[in-house]
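**Q** Got a structure here, written out as structure tokens. Questions coming.
None of the figures in this text is laboratory data; all of them are computed from the coordinates on show. Here the structure is a predicted model, which means the values were calculated and not measured. No Cβ is skipped: glycine too gets one built from the backbone with ideal geometry, and neighbour counts run over all protein chains shown.
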Amino acid sequence: MGVLNVTPDSFSDGGLFSRTDAAIRRGIQMFREGADIVDVGGESTRPGAVPVAETEELERVLPVVEELTKHGPVSIDTSKPEVARLCVKAGARLLNDVTGFRSEAMRRIAAESGVSACAMHMKGEPRTMQDDPVYDDVVAEVRDYLRSRARALEEAGVQSNAIWLDPGIGFGKTLDHNIELLRRLDEIVSLGYPVLVGVSRKSFIGKISGEEDPNRRLPGSLAAALAAVERGARIVRVHDVAETVQFFNVKAAIA
Ligand code: HH2
């Protein structure tokens with residue numbers, strides 16, 4: 001899954017693709033590089049990010065979704081029901097909700113439209129999520145939460161084979177929590193739904209490596225993506241599509 005942030009303030013590519021034409025060009029390029037799906041987002045969820053109004057988010061993402069669906073499968077990264085509804089109408093095939101479909105309206109749109117739904121775990125909300133997150137057992141808590149979100153989606157009428165789950169690396173988690181979640185990812189995979197993991201360029205890689213520039217965290221991102229895939233992750237959400245495709249193709253050719 002290629003990341004396409006149509007935002008001025010995303011943590012690694014903010015401002016690069018905030019113009020519609022630049023975003024569309026980058027999306028098409030990611031399909032050419034081998035992305036199976038491109039995830040379009042119009043609101044940064046980085047720690048401390050300021051929420052964006054619905055009209056603003058729609059102006060950012062809708063023209064991009066409309067055009068990119070002509071080139072390949074598109075996912076919309078949003079928690080706003082109206083943004084989700086209009087993007088599905090425009091052809092988006094997956095709803096990626098970092099708030100885990102806590103909103104009934106989001107669950108209804110997923111069910112009525114028949115598109116896939118990715119429910120992610122986040123502790124709290126982006127503005128405050130990194131203020132000292134505490135868990136007894138982070139893996140058990142995230143797994144139980146994701147199981148409850150999958151049930152809620154199924155009760156709303158979403159087919160079980162259309163549900164993806166995501167532990168939400170970096171969303172209300174310390175370095176140790178992120179490492180523990182990746183190390184024991186198989187416990188989340190065992191819920192039986194496809195698992196998506198987003199580790200690309202994230203700050204935990206900076207903490208481990210000392211690399212402060214997110215754009216220089218590709219080696220660590222590949223290491224973390226491999227660790228996730230080896231434990232059963234089916235989809236990796238990445239900024240560096242060509243590099244990640246090459247990495248996994250070589251790995252697959254050998255083993
Ligand atoms: N991470 C980000 C955004 N959306 N969605 C899922 N399912 N999983 C993730 O790990 C995930 C996500 C944050 O990364 P990015 O989009 O690059 O940054 P920002 O939120 O600053 O736009």
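**Q** Take the residues in the stretch 154-187 that are in contact with a helix residue (DSSP H, G or I) (Cβ under 7 Å, 6 or more places away or on another chain) and acidic (Asp, Glu), then tell me which one is farthest from Ser113 (Cα to Cα).
**A** Filtering the stretch 154-187 for residues that are in contact with a helix residue (DSSP H, G or I) (Cβ under 7 Å, 6 or more places away or on another chain) and acidic (Asp, Glu), the one farthest from Ser113 (Cα to Cα) comes out as Glu180.
**Q** Quick one: what pairs do we get from the stretch 34-51, first residue farther than 20 Å from Ser203 by Cα and more than 9 Å from the ligand (Cβ to nearest atom), second charged (D, E, K, R) and in a loop (DSSP other than H, G, I, E, B), C-beta under 8 Å, 6+ apart or different chains?
**A** Within 8 Å, the pairs are Ile37/Arg93; Pro51/Glu43; Pro51/Arg127.
**Q** Shifting gears a bit: Could you tell me whether any residue of the stretch 245-255 is within 15 Å of the ligand (Cβ to nearest atom) and in contact with a helix residue (DSSP H, G or I) (Cβ under 8 Å, 6 or more places away or on another chain)?
**A** Initially, the stretch 245-255 is screened for residues within 15 Å of the ligand (Cβ to nearest atom), giving none.
No, because not a single residue in the stretch 245-255 is within 15 Å of the ligand (Cβ to nearest atom) and in contact with a helix residue (DSSP H, G or I) (Cβ under 8 Å, 6 or more places away or on another chain).
For every residue, the table says whether it meets (1) closer than 22 Å to Thr99 by Cβ; (2) in contact with a Lys or Arg (Cβ under 8 Å, 6 or more places away or on another chain); (3) crowded, with 16+ Cβ neighbours inside 10 Å; (4) hydrophobic (A, V, I, L, M, F, W, C).
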| residue | (1), (2), (3), (4) |
| --- | --- |
| Leu185 | yes, yes, yes, yes |
| Ile188 | yes, yes, yes, yes |
| Tyr193 | yes, no, yes, no |
| Ser200 | yes, yes, yes, no |
| Leu222 | no, no, yes, yes |
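**Q** Have a look at Arg32, Arg60, Arg102 and point out the one that is under 19 Å from Trp164 (Cβ atoms) and out of contact with any strand residue (DSSP E or B) (no Cβ under 8 Å at 6 or more places or on another chain). If you could, list the steps in order and put the result at the bottom.
**A** Numbers: Arg32 fails: under 19 Å from Trp164 (Cβ atoms); Arg60 fails: under 19 Å from Trp164 (Cβ atoms).
The conditions single out Arg102.
**Q** Something else about it: Could you run through the stretch 118-129 and say how many residues are part of a loop (DSSP other than H, G, I, E, B) and under 13 Å from Trp164 (Cα atoms)? Steps first, answer last, please.
**A** Let us first name the residues in the stretch 118-129 that are part of a loop (DSSP other than H, G, I, E, B), namely 121-129.
Narrowing the set further to residues that are under 13 Å from Trp164 (Cα atoms) leaves 121.
Adding up the residues that qualify gives 1.
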